[in-house]
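In what follows, a structure is listed as structure tokens, so that the remarks can point back to it.
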Amino acid sequence: MDRNNIIGIILMVALYVGYIWYTQPTEEQRLAAIAEQEAAIQTARLDSIQNAEENAFQESLRVQPLALTTEESKEIEILDDALRIRYGALAAGALGTDTTFQLSSGDLDIVLASRGGLPLKAQLSNFNRYGSDNGVDLWDPERSSMSIVLDVDGAIGPVSLSDLNFVSDQRDDSTLTLTSVVSENQSLVWTHALSGFELKSQLILEGLNQDVDEEMVLVWEATGLNNEKGLEWEVQHSSIYFKETGMGRDYLSDGRSDELTTELPLEWMAFKQNFFSALVATPEGFGVGAELATVVAEEDSTATMLYAAALPLKGKKVGSSTSTDLTFYFGPNEQVALEATGLEEADRITDYGWWIFGWVNRHAILPLYAFLTQYMASAGIIILVITLIIKLALSPITWKNFKSSAKMKMLRPEIDALNEKHKDDAMAKQQATMALYRETGVNPLAGCIPGLLQMPILYAMFRFFPSNIAMRGESFLWADDLGAYDSILDLPFEIPFYGAHVSGFTLMMAVSTFFYMRMTMANQPPQPQQAGMPNMKVIQQIFPFMMLFFFNRYASGLSLYYFAANVVSLGQMVAIKAWFIDENKIREKIEVNKAKPKKKKSGFQERLEQMQKEQTAKTKEIQSKKGKK
């Protein structure tokens, strides 16, 4: 070890020791941190005591009055005072034993809690969780809550409906009436009616106009559960969607923690989770200042998103009673089902893309898919047929694109000669190349326009297959769910940005993309490499490799579509080149165009060429002066 190495080690140790010394807290900071920690412990202890007292209080509300002993009756007399202070005119409704009630429509099973009279659990009967025979739960009932908060006369603070107990008066499989009696002529009544995926609910506060304010707040917190194959993908497509009055459908950031306080009334609000949503609406709309929030469940592998909403409501007063109506939708993000709610733009919870892309999906691809399902049972075959139909519909554009490429290919030797002749003069090279295009009648942009026309279809498909619930749970070849990623090899480790599996359809798509790009580039004339511009040959090699990382976790139905589209495109290119493109005739036409007398240039063209010549001359002059120096 030489002297320089020893000095370097000493300096690194000195820097490390100096850093430790510099970042060490002062005595004041250390004492402040200790005090803060002690305060946190004290707060936690007080919270624990308060929670224990609250749990004991809530437990006391659930004692059956008929089973009370003499001692327990004395305790209830004391409790009554506490009830009146806490719940005001609604105090009597707080007593009772907890139970649940169930409604079923064949499509949806709902469990309602006696405390609050609102949905506690919603399970879809005809959709199963991935890898399970259990139905899809729209939220975790153990970590979720729904209630209406009221301002009650005589109460020390807002009263939550979830503290009041309701009993069943009348019910069948799909309808239920729940009542919480607070006095001889005063009660709170819920009426629920379930049909399909919709629950119609009405709350009536009978005889309570003088005691309960008409302004209410629906407070809903829900923990979304992992129902799909890929948790990460499901999280990325979970958020709160909503529509403000006079505005279009909007949403919080997908797959990220976000929050918003609305500045306009809300027509509806939905907790969206990939293929399913829990939505609530009211005929009068929710008031201004609704608070919406999402939090990603980072440390929980069973949950997708934590949702929270506080939605202001205003009841309708009729005589001595106040009522409010709510409509819930607990179901799939399926176009027809969402449209059936009658809520404006509720169908756009299914995000098929914006502007023309969404229009193409909703009014062209979706009806086509629905039509094909009447005759084909396999979703994979339907994807292949849709691919073939789309590629055939775009074949005139493909023909124009390939014909333009063939013309450019014929000019390749002459363009190469011009590039060599003017290799030191970019302006002269450009002028000579454009002159060649005019002389031969070849438009270098003719192949770009057809390519641009295909972009709406390309992007529309990118949004359609991952969003279409019809893909969910459908198997094809080795893929067990076309709505999620497929895997031909599960890795014992995770590759950053790639995952812990190998998607077969993505691999096939990347390979087909490589050959498609290679064949496409082969039909294009070589482009001179310009400083600062990317090398297209390098991009051709890298792009398919990048697609492996980008699409490995995407819905396998999308990768299958792109693979099939590449194969059909390759077939079209081979067929057009073999049977429809005659290069000799294209060459003859180019020669005929060269022989035609040149059209007289317009005054504008002449001035433009003169300006280019002057600019070229100035550039050469500047370069020559620099050379002399």
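The values are calculated or read from the model by the stated rules, or taken from the named source; none is laboratory data. Values in this document were obtained by computation on a predicted structure and should not be read as measured data. We place every Cβ from the backbone using ideal geometry, glycine too, and count neighbours over all the protein chains shown. Side chains included, ligands, DNA and RNA excluded: accessible areas come from the protein's heavy atoms. Shrake-Rupley method; radii C 1.70, N 1.55, O 1.52, S 1.80 Å.
Key figures for this structure:
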| read-out | value |
| --- | --- |
| Sum of side-chain charges, residue 222 neighbourhood, beta-carbon under 13 Å (Lys, Arg +1; Asp, Glu -1) | -1 |
| Solvent accessible area, Å² - residue 195, 1.4 Å probe, full protein context | 90 Å² |
| FRET efficiency for residue 378 and residue 491, using Cβ-Cβ distance with R0 set to 35 Å, rounded to 0.05 | 0.75 |
| Accessible surface ranking that places the most exposed of 357, 276, 371 first, with a 1.4 angstrom probe | 371, 357, 276 |
| Heavy-atom accessible area ranking, 1.4 Å probe, most first, across 549, 476 | 549, 476 |
| FRET efficiency, 1/(1 + (r/R0)^6) with R0 60 Å, evaluated for residue 263 and residue 169 via beta carbons | 0.90 |
| Accessible area of residue 171 in the full protein assembly, 1.4 Å probe (Å², nearest 10) | 110 Å² |
| Neighbour net charge for residue 549 - beta-carbon separation under 15 angstrom, K R +1, D E -1 | -1 |
| Distance violations [Cα-Cα > 28 Å] among 243/391; 200/317; 121/317 | 243/391; 121/317 |
| Given charges at beta-carbon only (K, R positive; D, E negative), |dipole| of region 227-365 in Debye | 480 debye |
| Virtual spin-label span in nm between residue 546 and residue 454, 7 Å along Cα→Cβ | 1.9 nm |
| Segments 210-222, 289-301 sorted - mean Cβ within 10 Å per residue, highest first | 210-222, 289-301 |
| Euclidean distance of C-alpha centroids, region 555-574 and region 243-272, integer Å | 37 Å |
| Projected label distance in nm at residue 153 and residue 253, using a 7 Å step from Cα toward the beta-carbon | 4.7 nm |
| Given charges at beta-carbon only (K, R positive; D, E negative), |dipole| of region 100-236 in Debye | 380 debye |
